Amino acid sequence: MDKSAVLADWISPSNTPVTSTEQFAPSNIALCKYWGKRDKQLNLPMNASLSVSLGHLGTHTRLVPIDYPTDEIWLNSDRLLPSSPFCQRVSAFLDLFRQPGRCSFRVTTRNSIPTAAGLASSASGFAALAKAANESFALDLNTEQLSVLARLGSGSACRSVFKGFVEWQMGQRDDGLDSHGVQLPVTWPGLCVGLIKVDASEKSTDSRSGMQRTVDTAHLYQSWPVQAAHDLEKLKQALASKDFERLGQTAEHNALAMHATMIASWPPLVYWQPESLAMMQRIWKLRKEGLSCYFTMDAGPNLKLLFLQTELDALMRYFPEMEVIQPFGHG
Ligand code: 2P0
């Protein structure tokens, strides 16, 4: 099924933009990861996932209708070539809302994510773009519908439509209308996410092709959806009972299991650098010494630490470069 067919009831091809707008969406870090698709066109996942949104860190996107044959796309104050992969993805997403050739936009994208932190911006980027298109075309879609829309740009973007803890329900339908984020009714003041940069350079294999390679070539992948389903339940229990140890253990185990499926692909997908492993070993040592902190990792070499505010001062002594976010404020 193609994307336009999925959206046929929400978006009329005769729509024209009615206003300029600027919208924000936060980045998110998954505690139970999305890795593998059951539908590549619609970014429908093999497993449900769970994330925490990063407060004010994310993407601001401004959409202005322009009287010009093609879109003009800016990223962090650079005008990009229309042939760049970023522009192609943004324009293709906007094509879902317009008759190609009938209207164009100046799209200005500004990431407040520290560029050195090695955080992916496609999640917050497509969530902000979906919100902006909703405003600009006056579609009046609700947040679940916006989450479906954002998913069509990038899977993990469906979680960035919401604040706080978000479950991406995988859904069963072929059209994916039941595959979207849902905000969980939990807050956790004092919960900290620490960004530890190992290497911020462009990764060699992007997530999209990396997850496909894993699904296609790693026998080990068969066990992934089973583990992810168990981990999701454990995380929800940990959130309900504010059991930080259970939360941290489950998130770290989940990330390492995902990386095990990557490494079991062929050609192998090893996103770690030697410093990534050195950092993991430091964290395991600190835990043995009594510090309560865990890590998670995505499709890259950088670590994201999970800990409570009570450990903040001690951890800053070990990781002075760490950027710390408290998604729910102080404890
Ligand atoms: C996640 N990642 O749950 C996982 C963990 C990377 C590792 O979601 O192809 O950029 O656009 O649906 O959303 C990155 O995948 O992939 C991702 P597409 P996306 O955060």
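Quick note: the coordinates plus some simple rules give every number you see, no bench work behind them. None of the values given here were measured: they were computed from a predicted structure. So basically every Cβ, Gly included, is an ideal-geometry build from the backbone, and we count neighbours across all protein chains shown.
Projecting the Cα positions of S51, F137, Y68 onto the charge dipole of the stretch 35-191 (unit charges on Cβ atoms of Lys, Arg, Asp and Glu, taken about the Cα centre) puts S51 furthest along the positive direction. Remark: the stretch 35-117 is approximated by an ellipsoid whose semi-axes, taken from the C-alpha gyration tensor as √(5λ), come to 26, 20, 11 Å, largest first. Under 5 Å between amide hydrogens, built in the peptide plane, is the criterion, and for G190 it picks out F328, G329, H330, G331 among residues at least 5 positions away or on other chains. Working note: 222 nm ellipticity from helices only, DSSP H runs with n ≥ 4, each -39,500 (n - 2.57), summed and divided by the residues of the chain, gives -10500 deg cm²/dmol to the nearest 500. Ranked by how many other Cβ atoms sit within 10 Å of their own Cβ, fewest first, the residues D140, D178 fall in the order D140, D178.
Using the Cα atoms of the stretch 1-40 to build a convex hull, what is its mean projected area in square nanometres?
Across all orientations, the stretch 1-40 yields a mean hull projection of 5.3 nm².
Remark: the stretch 300-315, residue by residue, has Karplus-estimated 3J(HN,Hα) of x, x, 8, 10, 10, 8, 10, 7, 9, 4, 4, 9, 4, 4, 4, 5 Hz, where x stands for each Gly or Pro and the curve is 6.51 cos²θ - 1.76 cosθ + 1.60 at θ = phi - 60°. Sparse packing (at most 13 other Cβ atoms within 10 Å of the Cβ) combined with a DSSP loop state is found for the following GluC sites (Glu not before Pro) in the stretch 292-331: E321.
In this structure, the amide hydrogen of S104, modeled 1.01 Å from its nitrogen in the peptide plane, lies closer than 5 angstrom to those of I66, Y68, counting only residues at least 5 positions away or on a different chain. Based on alpha-carbon centroids, what's the gap between the stretch 146-196 and the stretch 264-313 in Å, whole number please? Distance between centres, Cα-based: 23 Å.
Sequentially through the stretch 57-67, phi angles give Karplus couplings (6.51, -1.76, 1.60; θ = phi - 60°) of 8, x, 10, 9, 10, 10, 10, 10, x, 10, 9 Hz, Gly and Pro residues having no value and appearing as x. With distances taken between every two different alpha-carbon atoms, the stretch 85-192 has a Kirkwood hydrodynamic radius of 15.0 Å.
Footprinting exposure proxy ranking of F137, F86, fewest other C-beta atoms within 10 angstrom first, gives F86, F137. Residue order for K37, K304, fewest other beta carbons within 10 angstrom first, comes to K37, K304. Dipole size of the stretch 171-290 about its Cα centre, with +1 on Lys/Arg Cβ and -1 on Asp/Glu Cβ: approximately 420 debye, rounded to the nearest 20. With only the Cα atoms considered, the stretch 3-183 has a convex hull volume of 107 Å³ per residue. A cut-off of 5 Å between modelled amide H atoms, ignoring neighbours fewer than 5 places along the same chain, links L57 with S27. What base-10 log of the normalised intensity I(q)/I(0) is obtained for the stretch 144-210 from the Debye formula, alpha carbons as equal point scatterers, at q = 0.13, 0.26, 0.27 Å⁻¹? Taking Cα atoms of the stretch 144-210 as identical point scatterers yields -0.52, -1.06, -1.09. The count of lysine pairs in the stretch 191-325 whose Cα atoms are under 18 Å apart, excluding pairs fewer than 8 places apart on the same chain, comes to 4. With N as its number of residues, the stretch 150-268 has a Cα radius of gyration that, divided by 2.2 N^0.38 Å, comes to 1.17. Projected onto their three principal axes, the Cα atoms of the stretch 223-263 cover extents of 33, 16, 7 Å, largest first.
Sparse packing (at most 11 other Cβ atoms within 10 Å of the Cβ) combined with a DSSP loop state is found for the following trypsin sites (Lys or Arg not before Pro) in the stretch 82-150: R102.
The share of Cα pairs per 10 Å bin across the stretch 191-325, counted from zero up to the longest distance, runs 12, 39, 35, 14, 1 percent.
Max-minus-min Cα coordinates of the chain on each principal axis give 63, 39, 38 Å, with the largest extent listed first.
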